[in-house]
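Notes follow once the structure below has been shown.
The values are calculated or read from the model by the stated rules, or taken from the named source; none is laboratory data. These numbers were taken from a predicted model, which means no experiment stands behind them. Cβ: placed from backbone, ideal geometry, glycine included. Neighbour counts: every protein chain shown.
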Amino acid sequence: MRCLIIDDSRVIRAVARKILEARGYEVEEAEEGGDGLDVCGSWQPDLVLLEWQLPDMSGIEFIELLPQHCGGKMPNVVFCSGEGSYASIEAAVKAGAAEYIMKPFDSEVFDSKLKMAGLQ
């Protein structure tokens, strides 16, 4: 399976990459939503691990734009954010996210959330 990590934190991308690659995922990275949309169009990930607030757009805006860039194959989206209010989680799920992971996370939390979303 393929996963695109979209986060402006190099550290978060590195930690997520290590966890995902250990589980057999092919991984690509993007720092901004626009770049992530381009990768979705050309690489067709199965999963997008998405930050709540990116430098160029919100995660909700990204999800709204995603159908125009995914070539008919919508990836599963899992938010990964330090923003953990009930309203934020509800908005993410309402927008189409499969799951929501709070930062900081570890491999056990990651595994649990991917299983809950049916992605592992």
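Overview of results
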read-out: The one condition in (1) aromatic (Phe, Trp, Tyr); (2) closer than 23 Å to ASP8 by Cβ; (3) out of contact with any Phe, Trp or Tyr (no Cβ under 8 Å at 6 or more places or on another chain); (4) free of Cβ contacts under 8 Å to residues at least 40 places away in the same chain that PHE79 fails to fulfil; value: (3)
read-out: Any hit, segment 16-35, residues being buried (at least 21 other Cβ atoms within 10 Å of the Cβ), among the aromatic types (Phe, Trp, Tyr) and touching a strand residue (DSSP E or B) at 6+ places or on another chain (Cβ under 7 Å); value: yes
read-out: Residue selected from segment 36-55 under the condition touching a His at 6+ places or on another chain (Cβ under 6 Å) and surrounded by 15 or more Cβ atoms within 10 Å (Cβ to Cβ), by the criterion farthest from MET74 (Cα to Cα); value: LEU37
read-out: Filter result for VAL93 (within 13 Å of the chain's Cα centre (by Cα), surrounded by 13 or more Cβ atoms within 10 Å (Cβ to Cβ) and in contact (Cβ under 8 Å) with a residue 24 or more places away in the chain); value: no
read-out: Test for PHE110: is it assigned to a helix (DSSP H, G or I), closer than 19 Å to ALA30 by Cα and touching a residue at least 40 places away in the same chain (Cβ under 8 Å); value: no
read-out: Segment 1-14, residues that are assigned to a helix (DSSP H, G or I), free of Cβ contacts under 8 Å to residues at least 60 places away in the same chain and surrounded by 15 or more Cβ atoms within 10 Å (Cβ to Cβ); value: ARG13
read-out: Residue that is farthest from the chain's Cα centre (by Cα), among those in segment 36-54 that are charged (D, E, K, R) and either outside any helix (DSSP H, G or I) or closer than 10 Å to LEU4 by Cβ (or both); value: ASP46
read-out: Selected residue [touching a strand residue (DSSP E or B) at 6+ places or on another chain (Cβ under 7 Å), modelled with pLDDT under 95, assigned to a helix (DSSP H, G or I) and of a type outside the set (Phe, Trp, Tyr)] from ALA97, ALA87, ALA92; value: ALA92
read-out: Of the criteria (1) touching a Ser or Thr at 6+ places or on another chain (Cβ under 7 Å); (2) closer than 17 Å to ARG17 by Cα, which one TRP52 fails; value: (2)
read-out: Test result for GLY59, surrounded by 13 or more Cβ atoms within 10 Å (Cβ to Cβ) and either under 17 Å from ASP8 (Cα atoms) or in contact with a strand residue (DSSP E or B) (Cβ under 7 Å, 6 or more places away or on another chain) (or both); value: yes
